[in-house]
Amino acid sequence: MLDKYRDLEGIATTLGVKNFSLKEVAGKVQIAGTTTYALERDLLWDAIKKHSGWEAEVAAEVKAERTDIHGVHTVKPGESLSKIAKVHLDDANRYMDIFNANKDKLKDPNMIHPGQELVIPNR
């Protein structure tokens with residue numbers, strides 16, 4: 001069963017999960033680690049949930065160190081604040097929350113550029 005979840009090791013590395021562990025104990029896959037922000041924790045959980053049957057097979061404890069903001073997102077080509085808000089805040093209409101959290105680097109909510117690092121406020 002552990003092999004089914006091996007892809008999570010690479011995802012955890014990409015997300016910068018500290019002290020990541022993946023092991024099988026008493027018929028369950030135990031996943032643990034620490035992320036800087038809840039955003040990375042949520043992305044790891046999204047990856048876990050892509051595995052069929054995860055509800056019965058996985059016990060996970062992934063903690064976020066910082067809770068002052070949800071996280072930091074690096075803008076990719078083709079993204080908009082509303083697309084980013086839909087992914088990270090579950091509501092595209094919250095794009096102004098992201099704009100307001102980044103007024104130090106954004107002057108117009110319609111003008112973002114690939115490579116910019118944007119603060120994502122808490123949900």
Estimated FRET transfer efficiency (SER52, ALA26; beta-carbon r; R0 30 Å; 0.05)
0.90
Springs between alpha-carbon atoms under 10 Å, Gaussian network over the chain: tell me which of VAL29, VAL17, VAL87 tops the mean-square fluctuations.
VAL87
Whole-Hz ³J(HN,Hα) for each residue in region 96-103, computed from phi via Karplus 6.51 cos²θ - 1.76 cosθ + 1.60 with θ = phi - 60°, x for glycine and proline: what do you get?
5, 5, 5, 4, 5, 6, 10, 4
Estimated inter-spin distance, VAL87 and THR14, nm [label 7 Å along Cα→Cβ]:
1.1
List the trypsin sites (Lys or Arg not before Pro) within region 1-40 that fall in a DSSP loop (any state other than H, G, I, E or B) and whose Cβ has at most 15 other Cβ atoms within 10 Å.
ARG6
Using amide H atoms built in the peptide plane, which far-off residues or other-chain residues are under 5 Å from ALA64 H to H?
THR35
FRET efficiency, 1/(1 + (r/R0)^6) with R0 25 Å, evaluated for THR34 and ARG123 via beta carbons:
0.80
Please report the net charge: other residues with Cβ closer than 12 Å to the Cβ of GLY53, K and R +1, D and E -1.
+2
Distance in nm between label sites at ARG6 and HIS113, each 7 Å beyond Cα in the beta-carbon direction?
4.2
Which shape class, rounded, prolate or oblate, goes with region 71-120 when its Cα gyration tensor gives a ≥ b ≥ c as root eigenvalues, a/c under 1.5 marks rounded, and past that a/b bigger than b/c marks prolate?
rounded
Nothing charged except the Cβ atoms of Lys and Arg (+1) and of Asp and Glu (-1): what's the magnitude of the dipole of the chain about its Cα centre? Round to the nearest 20 debye.
120
A correct fewest-to-most ranking of HIS73, HIS113, HIS51 by other Cβ atoms within 10 Å would be HIS113, HIS51, HIS73
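Throughout, read-outs are computed from the coordinates displayed, never taken from laboratory work. Because the structure is a prediction, the values reported are computed rather than measured. When we count neighbours, we look across all protein chains shown, and the Cβ atoms used for this are built from the backbone with ideal geometry, even at glycine.
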